[in-house]
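Below is one structure; the comments refer to it alone.
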Amino acid sequence: MPDLFVRRPRSGRSAAPPAAPAGGGRAIASGWRLLPALLRPRRRPLAAAAAWSLVEAVPALLSGLLVATALDRGFLAGRPGAGLAWLGLLGFTMLFRAAAMRMMFPCLAAVVEPLRDDLVRALVAATVTRAAGGAVPDPAAVTRLTEQVETVRNLVSALLRSARTLGTSLLAALGGLLILSPLVAAAVAVPVAAALAVFARLLPVLLARQRALILADEDLTARATPILGGLRDIAACGARAQAQAEVESAVAAQAAAIRALAWAGTSRRLVVTLGAHLPLMGLLIAARPLIQTGRLSPGEVVGAAAYLVTGLDPAMRMFVGVAGSWGVTLTVILDRLAETVTVPARTPPGPPAPALRDGAGCAVLPDAATSGRPLSGRPLSGYRLEAEGLSFAYASRAAPVVHGLDLTVAEGDHLAVVGPSGVGKSTLSMLLTGLQPPTGGRIRLGDLPLEAIPEHRLRTVMALVPQESYVFAGTLGENLAYLCPSDPRTAARRVWEAVDAVGARALVERLGGLDAAIEEPAALSAGERQLITLARAYASPARVVVLDEATCHLDPAAELRAETAFAAREGTLIVIAHRISSAGRARRVLVMDGAATLTGSHRELLARSPVYAELVGHWRDDGAADGPSPRRLTAGT
Amino acid sequence: MPDPVPDPPRERATRKHGDRLLASLARGARAPLAVVAAATIASSGAVLALPAVLASAVDEALTGRGARSAAVGLVLVLVLTACAEIAGMVAGAAATASATASVRVRLTAHLLSLDIAETRRSPTGELVNRLVSNTATAGSVPVTLVGISTGLVTSAGGVVALFVIDWRTGLTFVAGAPAAVVLIRLFVARVSGLYDDYQGAQGRLAARLTDALAGIRTVRASGSADREIARILAPLPELSGSGHALWRAQARSVWKIALLLPLIEVAVLAAAGLGVADGRLEAGQLLAVAGYAALGLSFVDQTDALMALAHSRSAARRICEVLCLPVPSAGTRPPAEGPGALSFRGVTVVREGTASVDGVDLEVPAGSLTAVVGRSGAGKSTLALLAGRLTDPDRGEVLLDGRPLREIDPDALRGAVAYAFERPMLLGGDLAAAVSYGLPAVDREAVREAARAAYVDDVIGRLPEGYDTPAATAPLSGGELQRLGLARALVRRARLTVLDDATSGLDTATEAQVNRTLLEGMRGCTRLVVAHRAATAARADLVVWMEDGRIRARGTHRGLWRDPAYRALFASGGEAFPQDQEEPCPTCS
């Protein structure tokens, strides 16, 4: 029966994050631990599918018998009617087969679809959790992950469908041989065992080559993406030849990986020769002496040859094909997926993300208790933010971004942070909100060190609005109430207050109110998205709000309105300033200049800090052709 | 991925080009393909011959007659099959690999030499998908085609054999086959519609994940990762629903096909059985009929391959959409000797039906700092692209020191014109390589010098690995990226440097520093600067004011400032002009 129903998986085209090291041997372990964890909850439909596939095998078992009977008792016996009747019986058994097939599909669906759902859940949870833990997310990996899950789905259903044929045909051939002649069966078992042993030795090579091919595919994508994204820059730099050479080397490596895999695959064919054809030759050579010594009858020779050719040969082919190609691909991909769903120790806040259930001993998400923060703690006494000897550097030999900063921000204070771009203002915002652990010094909120505050509590008390605003597909109301407590009535009131306060009412009305759906967030302008995220932060219960250049896409008047609203809001406001005008509005100003810092009021700093005076001066005296010496700003770094 | 619906004639044209591309791929890999074809024919022949050879070998072994010639024949057949199959596997992989690689190399070369304006119409992800995925699909076509044609020939051979044995069996087969074809076509049509739904749900889920990853800083700061996970997974039930619908559709169709095909075999057997009863056929021939009927039905095996072929044709079409875009002709002359005077003569560029640059005549004096100002959409960036021939005008001519850019050798032109962009893409590996990208001979000292001039040297010093930090993962802000892009332009020491909004991400203090480099450090070089800020225009020797693709006015900043419309250009930035000072802030005057 032609197997057109199995949507044949395309050979290892999908891929995963390029970070993982290559290595064939290791690949088997984690990948194969994931599969049982995925299949275990599906034991019942698996068993049902197996049972139906046995029913499906009935006509194949009976066909030879029925055809022979139709000949002997019907057509050859001069009774064509009886012959037709026997053949009709064969046709009738086909009904069983078709019915069994019909019944088997829902079972397969009940195995494969939930398996895909679990994988998708685990992958999304792991990807978001890892990115929320501070790892740089790779958007291209997302696409590759979807492809991989799909490949696993196709391969598992293909394997389930062919496993029956695989098992029954190999067992039928060997079993039939054993019944026919134990001597021949014993003689055949030796080369078959040898062939299987050789195949087992070859598997690691196949796994390594398959893995190398997947890595080569990933490498090609990873190298081509920046080049195709930077065509303008390549043309402007006159680097066409260099870019072409880079893509070509990745293309050539991928082609070489395809060829290498094919060469390794030829060994599968040799296993068939060893396991099925060698016994046949042996049988034919030994047949004459065996018949002469009376150990074997001519009929047994014919029968044994038939089993070897029509039973063992296709079974061996199928075995090495399924195990050596689909099995290898599935193993390698499962391994890459297992790497992805295993999240490193630093994990996020909140309750454990949905992971693979019932995955004891398999690669699953560790629970949130490993994040290093307590799950409950002493209540906060006030919201005074205090940094002491705060330092941060990306690496031990890199110049520090923040060095020995002492800073106290009283509850309800309004602080602006100014300084040349690239001086580390954004890093400071991450340190103060506890999103980035410092390399030196410590930060306290109220009386508690940041790390002693439960993650959930800290995230509720602190709101950081970054420069790139996150507006997601959903209703406008969902977007605005993102940080609100869950009671919908108070949330709606808070949201409308916030919308009015930050000056977003016109925008909300233009979009069609809180229930308006935002289908495509990118269709909003950058300024509109910033207004939404500002209103969202305003409506939140946060007592410390950090605006990290969160108004950079607003015009000065809108920026003034939003900042004034936040200043009047209950709680502390820290503004990482994009325009120097933000500093003028603040009660206190922190000037960052390299690793040197200075705090004071606007007036004090104008007198005390030449850097600050210069920043203000440039803004104020923007058109002047002769500014003060530019080198002074970077002095000390 | 849904294609935009192109107009029918154009679609027909690209389809024709797509098929031509596939044919050229097959021609390019003809040596390994010939091996594949020969191997397939040899192994099919061996499969057909095996029963006969085996039978006589067994006979020989049983009777002891003959000099084991049949056994030798069997060994030969088995060895031949093994060799043919191995050769087919290796040659097939080689054919696919070389066809894929050749179309990838071709597509890359084409993309790299296209007019920049053409490539910007497709998002990067689209282009990557064409280069990586579509090419792989198209590259597998030649081998698939060989497989399909030998499969169909074998199938036809089976039918012919049925007719030869007994025309009645052949006729019975032919009577049943159309029903099978109809069922299969119905099945394919039904499943492919559902498959689109499935992929749609998949796409929505992936889009939500991509969105969430883009806004991950907010998610992190809000501690809302688990809520995000739930939100991303919202389309999962829909995906699962489409998946189950696919299975149901398969269950509905497949059992009918699974019933019909064996019934055809049984009917053919019945016809043969009647033949045996009539004495027209031998009993052994009934088995042959069974074998050939199965062979005849093996065309069903090609359904998958035919479906894949339809998929491949659309992949080839998507590749051709890129390959059909015209490549601008490359000049051959060196740039004229000169100080870097740039001339636009009657230059018009039409984009999407409207003129984004419309009949511009402009002389940019050698060694000058010329600022181009105007509202967004006025044609400033197109003018900047024209200056170094990153795009070609539809009408008119751009000349550097009197020589049309079209006539100048592209590589030589890159030595004469350098660019810095608003959002530079850093390529080449680490930061040092990114600055000297395209200039292999530049040493580290020159790179550092350029970085210092762009005020980015100390920023790089704070990074984990300094200049060896990989550009792709370096934690850089927009302003820092712009300064690296500036350093990349400065290291070229070109006679003309074009800066397209290349300092917009800098705060005013840093911009003032960078302006100093533009003003003093680059004195003597021609600088064409697209700017939004009054500060930049104020320092320019010449200001060109663009509006709707035309030059509305040109002159000095001071001269133009009298025009309120000109002043309005800079009002939104909240910046002031010296003679028109505003208070810096409401609280401190």
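Among residues belonging to region B:218-256 that are within 30 Å of A:L432 (Cβ to Cβ), assigned to a helix (DSSP H, G or I) and among the hydroxyl-bearing types (S, T, Y), point out the one that is nearest to the other protein chains (Cβ to nearest Cβ).
If we take residues in region B:218-256 being within 30 Å of A:L432 (Cβ to Cβ), assigned to a helix (DSSP H, G or I) and among the hydroxyl-bearing types (S, T, Y), then B:T218 is nearest to the other protein chains (Cβ to nearest Cβ).
Tell me which residues, restricted to region B:418-433, are more than 8 Å from chain A (Cβ to nearest Cβ), open to solvent by less than 10 Å² (accessible area, probe 1.4 Å) and under 22 Å from B:R527 (Cβ atoms).
Result: B:A420, single match.
Within region A:121-130, can you find the residues that are at the interface with chain B (Cβ under 9 Å from one of its Cβ atoms) and either surrounded by 24 or more Cβ atoms within 10 Å (Cβ to Cβ) or not in a helix (DSSP H, G or I) (or both)?
Of everything in region A:121-130, those that are at the interface with chain B (Cβ under 9 Å from one of its Cβ atoms) and either surrounded by 24 or more Cβ atoms within 10 Å (Cβ to Cβ) or not in a helix (DSSP H, G or I) (or both) turn out to be A:V124, A:A125, A:T127, A:V128, A:T129.
List the pairs whose first member sits in region B:114-126 and is touching a residue at least 40 places away in the same chain (Cβ under 8 Å), whose second member is polar (S, T, N, Q), and whose Cβ atoms are under 6 Å apart, counting only residues at least 6 apart or on separate chains?
Filtered contacts from region B:114-126: B:D115/B:T391; B:I116/B:T391; B:A117/B:T391.
Taking the options B:L569, B:L560, name whichever one is within 22 Å of B:F421 (Cα to Cα) and either touching a strand residue (DSSP E or B) at 6+ places or on another chain (Cβ under 8 Å) or aliphatic (A, V, I, L, M) (or both).
Every option except B:L569 fails the conditions.
Restricting attention to region B:298-324, report how many residues are closer than 23 Å to B:I116 by Cβ and surrounded by fewer than 16 Cβ atoms within 10 Å (Cβ to Cβ).
Adding up the residues that qualify gives 1.
Exactly one condition in (1) open to solvent by less than 50 Å² (accessible area, probe 1.4 Å); (2) touching an Asp or Glu at 6+ places or on another chain (Cβ under 9 Å) is false for B:Q250; which is it?
All conditions pass for B:Q250, except number (2).
What number of residues in region A:197-251 are open to solvent by 10 Å² or more (accessible area, probe 1.4 Å) and not in a helix (DSSP H, G or I)?
Total meeting the criteria: 1.
Any idea which of A:D447, A:D487 is without any contact (Cβ under 8 Å) to a residue 24 or more places away in the chain, more than 29 Å from the chain's Cα centre (by Cα) and open to solvent by 20 Å² or more (accessible area, probe 1.4 Å)?
Numbers: A:D447 fails: without any contact (Cβ under 8 Å) to a residue 24 or more places away in the chain.
Going through A:D447, A:D487 in turn, just one is without any contact (Cβ under 8 Å) to a residue 24 or more places away in the chain, more than 29 Å from the chain's Cα centre (by Cα) and open to solvent by 20 Å² or more (accessible area, probe 1.4 Å): A:D487.
Checking A:L66 against (1) surrounded by 14 or more Cβ atoms within 10 Å (Cβ to Cβ); (2) part of a loop (DSSP other than H, G, I, E, B), which test does it fail?
With (1) surrounded by 14 or more Cβ atoms within 10 Å (Cβ to Cβ); (2) part of a loop (DSSP other than H, G, I, E, B) applied to A:L66, the lone miss is (2).
Which residue pairs have Cβ atoms under 6 Å apart, sit 6 or more places apart or on different chains, and have a first residue in region B:473-490 that is closer than 21 Å to A:G238 by Cβ and a second that is surrounded by fewer than 23 Cβ atoms within 10 Å (Cβ to Cβ)?
B:Q482/B:G505; B:L490/B:A453
Quick one: is B:A52 open to solvent by 30 Å² or more (accessible area, probe 1.4 Å), within 24 Å of A:L283 (Cα to Cα), without any contact (Cβ under 8 Å) to a residue 12 or more places away in the chain and part of a helix (DSSP H, G or I)?
Spelling it out, B:A52 is indeed open to solvent by 30 Å² or more (accessible area, probe 1.4 Å), within 24 Å of A:L283 (Cα to Cα), without any contact (Cβ under 8 Å) to a residue 12 or more places away in the chain and part of a helix (DSSP H, G or I).
Just a yes or no: is a residue in region B:130-145 part of a helix (DSSP H, G or I), in contact with a strand residue (DSSP E or B) (Cβ under 8 Å, 6 or more places away or on another chain) and in contact (Cβ under 8 Å) with a residue 60 or more places away in the chain?
Kept after step one, since they are part of a helix (DSSP H, G or I), are these residues of region B:130-145: B:130-139, B:141-145.
Retained after the next criterion (residues that are in contact with a strand residue (DSSP E or B) (Cβ under 8 Å, 6 or more places away or on another chain)): none.
Looking for residues that are part of a helix (DSSP H, G or I), in contact with a strand residue (DSSP E or B) (Cβ under 8 Å, 6 or more places away or on another chain) and in contact (Cβ under 8 Å) with a residue 60 or more places away in the chain, one finds none in region B:130-145, hence no.
In region A:82-98, what count of residues is obtained for those that are at the interface with another protein chain (Cβ under 7 Å from one of its Cβ atoms) and in contact (Cβ under 8 Å) with a residue 40 or more places away in the chain?
1
Tell me yes or no: at least one residue of region B:79-97 is in contact (Cβ under 8 Å) with a residue 24 or more places away in the chain, surrounded by fewer than 20 Cβ atoms within 10 Å (Cβ to Cβ), in the same structural domain as B:V36 (by TED's automatic domain parsing) and over 24 Å from A:I258 (Cβ atoms).
yes
A quick yes/no check of all residues on (1) within 13 Å of chain A (Cβ to nearest Cβ); (2) of a type in the set (G, A, S); (3) in contact with a Pro (Cβ under 7 Å, 6 or more places away or on another chain):
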residue	(1), (2), (3)
B:E118	yes, no, no
B:T124	yes, no, no
B:S155	yes, yes, no
B:V159	no, no, no
B:P178	no, no, no
B:V188	yes, no, no
B:Q202	yes, no, no
B:A212	yes, yes, no
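Taking region B:486-510 as the search range and keeping residues that are at the interface with chain A (Cβ under 8 Å from one of its Cβ atoms) and closer than 23 Å to B:S376 by Cα, which one is least open to solvent (accessible area, probe 1.4 Å)?
Filtering region B:486-510 for residues that are at the interface with chain A (Cβ under 8 Å from one of its Cβ atoms) and closer than 23 Å to B:S376 by Cα, the one least open to solvent (accessible area, probe 1.4 Å) comes out as B:L506.
What residue, among those in region A:531-586 that are of a type in the set (S, T, N, Q) and in a helix (DSSP H, G or I), is surrounded by the fewest Cβ atoms within 10 Å (Cβ to Cβ)? If you could, list the steps in order and put the result at the bottom.
Filtering region A:531-586 for residues of a type in the set (S, T, N, Q) gives A:533, A:540, A:551, A:564, A:572, A:581-582.
Adding the requirement that they be in a helix (DSSP H, G or I) leaves A:533, A:564, A:581-582.
Working: A:T533: 26, A:T564: 15, A:S581: 22, A:S582: 23.
That would be A:T564.
Residues in region A:293-315: is at least one in a helix (DSSP H, G or I), open to solvent by 50 Å² or more (accessible area, probe 1.4 Å) and modelled with pLDDT of 85 or more?
The answer is no, given that none of the residues of region A:293-315 is in a helix (DSSP H, G or I), open to solvent by 50 Å² or more (accessible area, probe 1.4 Å) and modelled with pLDDT of 85 or more.
Yes or no: A:A173 at pLDDT below 90, of a type outside the set (V, I, T) and surrounded by 19 or more Cβ atoms within 10 Å (Cβ to Cβ)?
Values: at pLDDT below 90: yes; of a type outside the set (V, I, T): yes; surrounded by 19 or more Cβ atoms within 10 Å (Cβ to Cβ): yes.
It is true that A:A173 is at pLDDT below 90, of a type outside the set (V, I, T) and surrounded by 19 or more Cβ atoms within 10 Å (Cβ to Cβ).
Mind checking which residues of region B:404-425 are in a loop (DSSP other than H, G, I, E, B) and out of contact with any Pro (no Cβ under 8 Å at 6 or more places or on another chain)?
B:E422, B:R423, B:P424
So which of A:P114, A:P106 ends up being facing chain B (nearest Cβ under 7 Å), more than 23 Å from B:A283 (Cβ to Cβ), under 43 Å from the mean Cα position of the chain (by Cα) and open to solvent by 20 Å² or more (accessible area, probe 1.4 Å)?
Going through A:P114, A:P106 in turn, the sole match is A:P106.
With the structure loaded, tell me whether B:V153 is modelled with pLDDT of 90 or more, more than 30 Å from B:R104 (Cα to Cα) and either of a type outside the set (K, R) or assigned to a helix (DSSP H, G or I) (or both) or whether it fails that test.
no
Can we say A:G424 is crowded, with 23+ Cβ neighbours inside 10 Å, more than 7 Å from every other protein chain (Cβ to nearest Cβ), at positive phi and under 36 Å from the mean Cα position of the chain (by Cα)?
yes
Considering B:Y467, B:Y437, which residue is aromatic (F, W, Y), modelled with pLDDT of 90 or more and crowded, with 24+ Cβ neighbours inside 10 Å?
The unique qualifying residue is B:Y437.
With the checklist (1) under 30 Å from B:R423 (Cα atoms); (2) at the interface with chain B (Cβ under 7 Å from one of its Cβ atoms) in hand, flag the one item A:A252 doesn't pass.
Result: A:A252 passes all but (1).
With the condition kept exactly as written, say whether any residue in region B:378-391 is over 19 Å from B:V529 (Cα atoms), in contact (Cβ under 8 Å) with a residue 24 or more places away in the chain and buried (at least 16 other Cβ atoms within 10 Å of the Cβ). It would help to see each step written out before you state the result.
In the first step, residues of region B:378-391 are kept if they are over 19 Å from B:V529 (Cα atoms); the result is none.
Checking region B:378-391: not a single residue is over 19 Å from B:V529 (Cα atoms), in contact (Cβ under 8 Å) with a residue 24 or more places away in the chain and buried (at least 16 other Cβ atoms within 10 Å of the Cβ).
The values are calculated or read from the model by the stated rules, or taken from the named source; none is laboratory data. Keep in mind that what you see is a predicted model, and the values were worked out from it rather than measured. We place every Cβ from the backbone using ideal geometry, glycine too, and count neighbours over all the protein chains shown. These area figures cover heavy atoms from the full protein model, side chains too; ligands, DNA and RNA do not enter into them. Shrake-Rupley method; radii C 1.70, N 1.55, O 1.52, S 1.80 Å.
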